[in-house]
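Working notes, structure below.
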Amino acid sequence: MSLNSFGHLFRVTTWGESHGPALGATVDGCPPNVPVTPEMLQVWLDKRRPGQNKNTTQRNEPDAVKILSGVFEGKTTGTPIQLMIENTDQRSRDYGEISQTFRPGHADITYHQKYGNRDYRGGGRSSARETAARVAAGGVARAAIKTLVPGLEIKGYMTRMGEMGIDRSTFDWDAIDQNDFWIPNGAATAQTWEEYLQALRKAHDSVGAEIEVVARGLPAGLGAPIYGKLDTDLAAAMMSINAVKGVEIGEGMAAARLKGTENADEIFLGDDGQPVYSSNHAGGILGGISTGQDVVVRFAVKPTSSILSPRKSIRIDGSATEVITKGRHDPCVGIRAVPVAEAMMACVVLDHLLLHRGQIGENQGRIG
């Protein structure tokens, strides 16, 4: 059995392959009367769309989303929403030479071992192209969140690309949308990153990345112990993104180096009668339940496996070979993972908003 769905009440199923006629998502559980149009969803898909600049793959897909069901007169009906994105710029011939060969670092070999066959044209379901469907579904989730918690904001950005890292002392939220790398620093930093990446591309190499995504304005109380933790679902959602190899919440792995006196986020009562925290080492989640602070998730993306530099491997018949992967590939897949991270955050947050509303309604605990 293959698992292509995620979510509890807000449930998303993605379908389609990288080089098939189309791909998309079936979204079930969206509340009715949420304003949704193709144009609203397209805004988010355009952030992820390939071929927009020289720092990403040159596959030129418009990623135009079509809504086939579940929306009437610009509003959701409460029934399943079917989203479709047609593939228009496939170049399957680029993959003919690897039809019998496994790319090192790629899921080619595990798909073959599990299923006894694989779609070598771009990797089929293992291709990062599958994430376009997630971004479309995330657009639906964002629209629903806007009706439930109007002030909630979800924002992703890159914090590292290989040897390049951001300067947190000059963190600028407004700069994120002003450069090709979604980094919260100025144009000079973005130029340095571009020079670094283009040198790697010319050397027929690729590089990994680190992405951070933040949900601001999230109410306290979302998530539940023990197996319904908000951070459990967030970690699973981010880990499910193609090429992701590690996920952190808040301090994450760095918490292992801290003392208890350093890690504890001290609590005070604010003027509005709500708790105020001295810091956010917990990443906005305690015991699997949101605190009302920013929810901070971070993940690492491995370097793109399809590169022009020869790598040793084997063929399906077991014979040794060297692999050079032709085609159009991202030198750093992490760049286009940023809008995917935002989409997955939106889907999980909406799912937990609906779960909380169904079980609790209004928060039960009062302070002061």
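The values are calculated or read from the model by the stated rules, or taken from the named source; none is laboratory data. What you see is a predicted model, and the numbers here were worked out from it, not measured in a lab. Cβ sites come from the backbone with ideal geometry, for glycine too, and all protein chains shown count toward neighbours. Just so you know, the surface numbers come from the protein's heavy atoms only, side chains and all, with ligands and any DNA or RNA stripped out. Shrake-Rupley method; radii C 1.70, N 1.55, O 1.52, S 1.80 Å.
Of all the numbered requirements in (1) under 26 Å from Lys146 (Cα atoms); (2) without any contact (Cβ under 8 Å) to a residue 12 or more places away in the chain, Gly260 misses one, and that requirement is (1).
Select the strands (runs of 3 or more DSSP E) contained entirely in segment 295-368, then report the ones holding at least 2 residues which are within 16 Å of Asn242 (Cβ to Cβ). Talk me through it step by step, then tell me what you get.
Numbers: elements: 295-301, 311-314, 320-323.
The strands (runs of 3 or more DSSP E) meeting that bar are 295-301.
Taking segment 222-245 on its own, how many of its residues are touching a helix residue (DSSP H, G or I) at 6+ places or on another chain (Cβ under 6 Å), modelled with pLDDT of 95 or more and in a loop (DSSP other than H, G, I, E, B)? Total satisfying the criteria: 3. Beta carbons closer than 6 Å, at least 6 apart along the sequence or on distinct chains, pair a first residue in segment 334-347 that is over 15 Å from Asp231 (Cα atoms) with a second that is in a helix (DSSP H, G or I) and polar (S, T, N, Q) for Val340/Thr131.
Cβ-Cβ contacts under 9 Å between residues 6 or more apart (or on different chains), taken from a first residue in segment 161-183 that is in contact (Cβ under 8 Å) with a residue 24 or more places away in the chain to a second residue that is exposed (fewer than 15 other Cβ atoms within 10 Å of the Cβ), are listed as Met164/Thr192; Asp180/Asn53; Asp180/Lys54. Residue count for segment 31-61 satisfying the condition of being at pLDDT below 95, surrounded by 15 or more Cβ atoms within 10 Å (Cβ to Cβ) and part of a loop (DSSP other than H, G, I, E, B): 9.
Residues in segment 263-291 that are in contact (Cβ under 8 Å) with a residue 60 or more places away in the chain and crowded, with 17+ Cβ neighbours inside 10 Å: Gly284, Ile285, Gly288, Ile289, Ser290, Thr291.
Could you tell me which of the residues Arg125, Arg160, Arg121 is basic (Lys, Arg), surrounded by 15 or more Cβ atoms within 10 Å (Cβ to Cβ) and in a helix (DSSP H, G or I)? Matching residue, one of Arg125, Arg160, Arg121: Arg125. The residue list Asp294, Asp231 contains one member that is under 20 Å from Ala341 (Cα atoms), surrounded by fewer than 18 Cβ atoms within 10 Å (Cβ to Cβ) and among the acidic types (Asp, Glu), which is Asp294. Scanning segment 248-294 for residues that are within 22 Å of Arg366 (Cα to Cα) and not in a loop (DSSP other than H, G, I, E, B) gives Ile267, Phe268, Leu269, Pro275, Val276, Tyr277, Ile285, Leu286, Ile289, Ser290. When every residue of segment 189-207 is checked against the conditions, none turns out to be part of a loop (DSSP other than H, G, I, E, B), open to solvent by 30 Å² or more (accessible area, probe 1.4 Å), of a type outside the set (S, T, N, Q) and under 30 Å from Leu83 (Cβ atoms).
What is the residue count in segment 231-257 for residues that are among the hydrophobic types (A, V, I, L, M, F, W, C), within 17 Å of the chain's Cα centre (by Cα) and at negative phi? Even if it seems obvious, please write down each step before you answer.
At the first step, the residues of segment 231-257 found to be among the hydrophobic types (A, V, I, L, M, F, W, C) are 234-239, 241, 243-244, 247, 249, 253-256.
From what is left, the residues that are within 17 Å of the chain's Cα centre (by Cα) are 234-239, 241, 243-244, 247, 249.
If we keep only those that are at negative phi too, we end up with 234-239, 241, 244, 247, 249.
Residues that pass the stated criteria total 10.
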